[in-house]
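Notes to accompany the following structure.
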Amino acid sequence: MRDTEAVASHLAAVGQTLLAQGQPAEAVQTLQAAVDRIPHDLLVQTELGWALWELGQARAAVAVLTGVLAIDRGNPDALRARGEILADLGDARDALRDLDRVEQHDRPSTRAARGLARAEPGDRGGDGEIEGALAAAPRNGPVLLYAARTEALGGNKVAALELTRRALNATDPAPPPHQREAALALLGQNENSRH
């Protein structure tokens with residue numbers, strides 16, 4: 001009971017498990033309890049940022065990750081997380097600032113987010129990143145949604161519709177609730193523009 005770090009490590013592991021099980025509200029509570037016990041642990045704070053994003057609290061997630069990066073400017077996990085979240089928010093410039101500082105884009109969602117961020121200013125150079133992400137993770141909800149949004153930005157409504165439908169049916173992982181809402185909105189916009 002007196003080993004604060006052991007308790008915090010246990011809470012962090014439980015929080016990560018809850019997040020993986022699609023229970024972001026419970027994950028946020030548990031990870032916040034871990035951060036309260038070991039506020040210097042940047043990995044746990046980064047996990048809290050992801051959990052907040054999955055809960056639909058993107059701005060709070062960015063604030064947590066910005067705090068991590070204030071302590072460790074080059075933290076690749078925090079840069080990757082904040083970059084992906086900023087791309088999801090449509091903040092292409094700041095997303096690219098972070099994602100360009102991450103040397104390896106091994107996570108398909110990171111590659112897709114970078115492709116989306118590059119498409120925001122009209123640069124089609126991100127298409128290769130989207131294609132690579134889709135090849136690596138064809139049933140990943142966030143990857144499929146980023147790809148759909150990229151196609152919509154490029155004016156390819158048919159591809160955007162198909163990718164949005166796939167994103168809504170994705171299971172590896174499924175898109176978090178706030179991304180499901182964005183996908184449904186995108187689906188409605190694209191279907192309305194076809195009529």
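The values are calculated or read from the model by the stated rules, or taken from the named source; none is laboratory data. Predicted model only: the values in this text are computed from it and were never measured. FYI the Cβ positions are ideal-geometry reconstructions off the backbone, even for glycines, and counts take in every protein chain you see. With ligands, DNA and RNA removed, areas are computed over all heavy atoms of the protein, side chains included. Shrake-Rupley method; radii C 1.70, N 1.55, O 1.52, S 1.80 Å.
For (1) at pLDDT 95 or above; (2) among the hydroxyl-bearing types (Ser, Thr, Tyr); (3) loosely packed, with under 15 Cβ neighbours inside 10 Å, each residue gets a yes or a no:
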site: 65; (1), (2), (3): yes, no, no
site: 71; (1), (2), (3): yes, no, yes
site: 75; (1), (2), (3): yes, no, no
site: 83; (1), (2), (3): yes, no, no
site: 86; (1), (2), (3): yes, no, no
site: 91; (1), (2), (3): yes, no, no
site: 95; (1), (2), (3): yes, no, no
site: 98; (1), (2), (3): yes, no, no
site: 101; (1), (2), (3): no, no, no
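I want to confirm something. Restricting to the stretch 1-28 and keeping residues that are surrounded by 15 or more Cβ atoms within 10 Å (Cβ to Cβ) and not aliphatic (A, V, I, L, M), which single residue is modelled with the lowest pLDDT?
Here is the first cut: in the stretch 1-28, the residues surrounded by 15 or more Cβ atoms within 10 Å (Cβ to Cβ) are 7-9, 11-12, 14-16, 18-19, 23-24, 26-28.
After this cut, where a residue has to be not aliphatic (A, V, I, L, M) as well, the list is 9, 15-16, 23-24, 26.
Numbers: 9: 86, 15: 91, 16: 89, 23: 91, 24: 90, 26: 95.
Among those residues, the one meeting the criterion is 9.
Looking at the stretch 163-178 only, could you name the residues that are among the polar types (S, T, N, Q) and at pLDDT below 95? Even if it seems obvious, please write down each step before you answer.
Going through the stretch 163-178, the residues among the polar types (S, T, N, Q) turn out to be 164, 169, 171.
The answer is 171, and nothing else.
Would you mention how many residues in the stretch 34-56 are more than 18 Å from residue 21 (Cα to Cα), open to solvent by 20 Å² or more (accessible area, probe 1.4 Å) and in a loop (DSSP other than H, G, I, E, B)?
The qualifying residues number 3.
List the pairs whose first member sits in the stretch 149-178 and is under 14 Å from residue 88 (Cβ atoms), whose second member is modelled with pLDDT under 90 and small (Gly, Ala, Ser), and whose Cβ atoms are under 7 Å apart, counting only residues at least 6 apart or on separate chains?
From residues that are under 14 Å from residue 88 (Cβ atoms), the pairs are 150/126.
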